[in-house]
Amino acid sequence: MAAPLFVREPDGEPRGGAVVLHDVFGVTEYAEDVCRALARTGRLAVSPYLYYQRGGPAFDAEELGAARGHMAELAAEDLAADIDAALGYLRARTAGPVLVVGFSMGAHLATWAAARHELAAVVAVSPSGVGASPWPGVPPAELLIAERRTPWLGVVGGADSRVDVGLLEMAARLPGPAAAVEVIAGAGHGFYRSGHPEHDPDAAAEIRRRIGCFLEKKPLS
């Protein structure tokens, strides 16, 4: 059984689909809001409940320890099946382009999807798993970027000590579909997410703009 999906429908016939892969805190209001924003662009947007085998909980920012415990229990084969099922759901519902957007742990998984599937685009915000993966069977993010089959955009906060930007940039320069790394000056790892101690509203708004530009194949600057 694959992970159930949080689903947001666009007005009218969808022009494509989008998978939103949540961060360590689960399918929170933030992940739901990203789905809603993508649905407003005409896409059928889904977010799989990757913690569904543990009841599908969502955690607050102060519950990081418990959230990390759930993340550590995830298995590569289950994650692959859950992501593949979400992509299959979208492909059954729309003939348009399919995108994947991920945050932190979800950014690592989105990058894994870019190496395993030919998609319209993948955006990885604050990707974890750079240099070392938290899950046996899932390669580190930089190796996945090097093997990408899909255009890939990585977004990293300039003050995020958890992500080695150099490794990402080196992998993005290797031959393959278009790839780029965008650095948001002064932002920490959790800059994108309201309720997180590192939340930066201006940086979060800027990244939404840049994601939109990348997905629509417009200049980022």
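The values are calculated or read from the model by the stated rules, or taken from the named source; none is laboratory data. Note that the structure is predicted; figures quoted are calculated from it, not measured. Cβ sites come from the backbone with ideal geometry, for glycine too, and all protein chains shown count toward neighbours. When the accessible area is computed, the model is the full protein with side chains, heavy atoms only, and any ligands, DNA or RNA have been set aside. Shrake-Rupley method; radii C 1.70, N 1.55, O 1.52, S 1.80 Å.
Only a single criterion out of (1) open to solvent by less than 20 Å² (accessible area, probe 1.4 Å); (2) of a type in the set (A, V, I, L, M, F, W, C); (3) in contact with a helix residue (DSSP H, G or I) (Cβ under 6 Å, 6 or more places away or on another chain) is not satisfied by Ala2, namely (1).
Quick check on my filter: what residues within region 26-58 are in contact with a strand residue (DSSP E or B) (Cβ under 9 Å, 6 or more places away or on another chain) and under 21 Å from Pro197 (Cα atoms)? Within region 26-58, Val27, Tyr30, Ala31, Glu32, Val34 meet the criteria. Criterion first (more than 22 Å from Ala120 (Cβ to Cβ), touching a helix residue (DSSP H, G or I) at 6+ places or on another chain (Cβ under 8 Å) and hydrophobic (A, V, I, L, M, F, W, C)) does Phe25 satisfy it? It is true that Phe25 is more than 22 Å from Ala120 (Cβ to Cβ), touching a helix residue (DSSP H, G or I) at 6+ places or on another chain (Cβ under 8 Å) and hydrophobic (A, V, I, L, M, F, W, C). Screening Arg162, Arg173, Arg210 for residues that are in contact with a Leu (Cβ under 8 Å, 6 or more places away or on another chain) and of a type in the set (Lys, Arg) leaves exactly one candidate, Arg210. So Ser104 fits all but one of (1) among the polar types (S, T, N, Q); (2) farther than 20 Å from Ala86 by Cα; (3) crowded, with 18+ Cβ neighbours inside 10 Å; (4) touching a residue at least 60 places away in the same chain (Cβ under 8 Å); what number is the exception? The number of the failed condition is (2). Tell me whether region 98-115 contains one or more residues that are over 23 Å from Arg162 (Cβ atoms), assigned to a loop (DSSP other than H, G, I, E, B) and not basic (Lys, Arg). The answer is no, given that none of the residues of region 98-115 is over 23 Å from Arg162 (Cβ atoms), assigned to a loop (DSSP other than H, G, I, E, B) and not basic (Lys, Arg).
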